[in-house]
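Undergrad: Structure below; questions to follow.
The values are calculated or read from the model by the stated rules, or taken from the named source; none is laboratory data. On a predicted model such as this, the values are computed, not experimentally measured, just so you know. With ideal geometry, Cβ positions are generated from the backbone for all residues, glycine too; neighbour counts draw on all protein chains shown. Calculation scope for accessible area: heavy atoms of the full protein, side chains included, ligands and nucleic acids excluded. Shrake-Rupley method; radii C 1.70, N 1.55, O 1.52, S 1.80 Å.
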Amino acid sequence: MTPTAFRPAYTVQTEHTVLRCWSPSEAGLALRAIEANLEHLRPWMEWAKRYPMTVAQQAGQLRRMRGLFDLGQDFAYGVFNRDGSEVLGGTGLHPRVGEGALEIGYWISASHTGRGLATEVAGALTRVAFEVEGVRRVEIHCDPRNVRSAAVARRLGFVHEGTLRQRLVAPDGVLRDMMIWTLLADAYPTSRAAANPIEAFDVLGQKLL
């Protein structure tokens, strides 16, 4: 990482995807992907209950996300195919888990599950968290019933620290349990996440990784 690089990583290229800081101009692409996956998302994602919405409303959501990203307060990315023509999902690095730590969230379109993309995407942001942001800890949280999400954390070398009872508010308002998966900086170098081939770039296109 160069001393003058603007952090965080605004673009991350993986083997099959491009993770990019959302732009309001991508509202149409984002809305099509989300609304095509509402049945897939609603059991797990509280924010999915806000849909359907208009393109203008979606642009407003993305504008707020971009603002938080630019201010260094929260980092939400769109997951695109390599040519940027299709939204495959969404992901993010969230500093809501304490100082020196980031939480990774992710979802992949139902039509693209089963190909390892969630593992690829979460692994990429794990590298960004440790190697660009220099955190001490990365966490993944999920409902115990979301076996696909838990499997991603396990594959990448995260450790199941425990399950907190009645900590997640589900879209239907019911309190659900929450699994906490953690990867620490000293265990990161030998994890599968560290071997994930990526390239990361700052807002000026300077290479960070």
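Undergrad: Contact order normalised by length for region 99-209, with contacts defined as Cα pairs under 8 Å and 6 or more residues apart; what percent is it?
TA: On the way: 172 pairs, mean separation 29.8, N = 111.
Computed over region 99-209, the figure is 27 percent.
Undergrad: Now for a different question. Describe numerically, in nm with one decimal, the distance between label points set 7 Å from Cα along Cα→Cβ at Arg148 and at Glu46.
TA: About 2.2 nm separates the two model spin labels.
Undergrad: A follow-up question, please. Per residue, what accessible area does the chain have, given a 1.4 Å probe and all protein chains present, in Å²?
TA: Details: 10260 Å² over 209 residues.
Result: 49 Å² per residue.
Undergrad: Suppose R0 equals 45 Å. What FRET efficiency, 1/(1 + (r/R0)^6) with r the Cβ-Cβ distance, do Lys207 and Val174 give to the nearest 0.05?
TA: Details: r = 45 Å, r/R0 = 1.00.
Computed FRET efficiency for Lys207 and Val174: 0.50.
Undergrad: Per residue of region 138-146, in order, report the coupling 6.51 cos²θ - 1.76 cosθ + 1.60 (Karplus, θ = phi - 60°) as ³J(HN,Hα) in whole Hz, putting x for Gly and Pro.
TA: Karplus-based 3J(HN,Hα) across region 138-146 equals 10, 10, 10, 10, 7, 5, x, 7, 8 Hz.
Undergrad: Now for a separate question. Please report Rg over Rh for region 1-142, where both radii come from the alpha carbon positions and Rh follows the Kirkwood definition. Can you show the working numbers first?
TA: Numbers: Rg = 14.6 Å, Rh = 15.5 Å.
A ratio of 0.94.
Undergrad: Sticking with this one: From the helices alone, meaning DSSP H stretches of at least four residues, give me the mean residue ellipticity at 222 nm for the chain, per-run term -39500 (n - 2.57), in deg cm²/dmol to the nearest 500. Display every interim value, and only then the final one.
TA: Values: 5 runs with 50 residues, N = 209.
It comes out at -7000 deg cm²/dmol, rounded to the nearest 500.
Undergrad: Gly92's amide H: which non-local residues (gap 5+, or another chain) put their own amide H closer than 5 Å, with H modeled 1.01 Å from N in plane and none for Pro or chain starts?
TA: Tyr77, Gly105
Undergrad: What FRET efficiency comes out for the pair Ala110/Asp83, r = Cβ-Cβ distance, R0 = 22 Å, nearest 0.05?
TA: Working: r = 21 Å, r/R0 = 0.96.
Efficiency at R0 = 22 Å is approximately 0.55.
Undergrad: Here's a follow-up. Around Lys207, what is the net charge, scoring Lys/Arg as +1 and Asp/Glu as -1 over all other residues with Cβ under 13 Å from its Cβ? Walk me through the numbers before you get to the answer.
TA: Working: positive: Arg7; negative: Glu131, Glu199, Asp202.
Neighbourhood net charge equals -2.
Undergrad: Taking all protein chains as present, what is the carbon and sulfur share of the accessible area of the chain, in % to the nearest whole number, probe 1.4 Å?
TA: Numbers: 5310 of 10260 Å².
Its accessible area is 52 percent carbon and sulfur atoms.
Undergrad: Related question: Which residue fluctuates most in the GNM of the chain (Cα springs below 10 Å): Thr119, Thr182, Thr163?
TA: Thr163
Undergrad: Oh, and also: Give the long-range amide H neighbours of Tyr51: residues separated by 5 or more places, or on another chain, with amide H under 5 Å away, using H modelled in the peptide plane at 1.01 Å from N.
TA: Those qualifying (amide H under 5 Å, at least 5 residues apart or on another chain) number zero.
Undergrad: What number comes out for the charge environment of Glu139, summing +1 per Lys or Arg and -1 per Asp or Glu over other residues with Cβ under 10 Å away? All intermediate terms of the calculation are to be shown ahead of the outcome.
TA: Values: positive: Arg96, Arg137; negative: Glu103, Glu161.
So the surrounding residues net to 0.
Undergrad: Stretch Ala195-Glu35 to full length: gain in nm at 0.36 nm per residue minus the Cα-Cα span? If you can, show how the numbers build up before the last one.
TA: On the way: separation 160, 0.36 × 160 = 57.60 nm, distance 3.37 nm.
Full extension of this stretch gives 54.2 nm more.
Undergrad: Let's test the formula: R0 of 45 Å, r as the Cβ-Cβ distance of Val159 and Met53. What FRET efficiency results, to the nearest 0.05? Walk me through the intermediate numbers first.
TA: Details: r = 38 Å, r/R0 = 0.84.
The pair Val159/Met53 has a calculated efficiency of 0.75.
Undergrad: Which of rounded, prolate, oblate describes region 95-191, given a ≥ b ≥ c as roots of the alpha-carbon gyration tensor eigenvalues and a/c under 1.5 marking rounded, otherwise prolate only if a/b is larger than b/c? Working shown, then result.
TA: Numbers: a/c = 1.85, a/b = 1.24, b/c = 1.49.
Taking the square roots of the gyration eigenvalues as a ≥ b ≥ c, region 95-191 is oblate.
Undergrad: Follow-up. Where is the GNM fluctuation largest for the chain (alpha-carbon springs, 10 angstrom cutoff): Val169, Val152, Val135?
TA: Comparing Val169, Val152, Val135 in a Gaussian network model of the chain, the most mobile one is Val169.
Undergrad: Which of Asn81, Asn146, Asn196 moves most in a GNM of the chain, Cα contacts under 10 Å?
TA: Looking only at Asn81, Asn146, Asn196, the biggest GNM fluctuation is shown by Asn146.
Undergrad: On to the next question. Between Ala187 and Arg136, what is the label-point separation in nm under the 7 Å Cα-to-beta-carbon projection?
TA: Roughly 1.6 nm, to one decimal.
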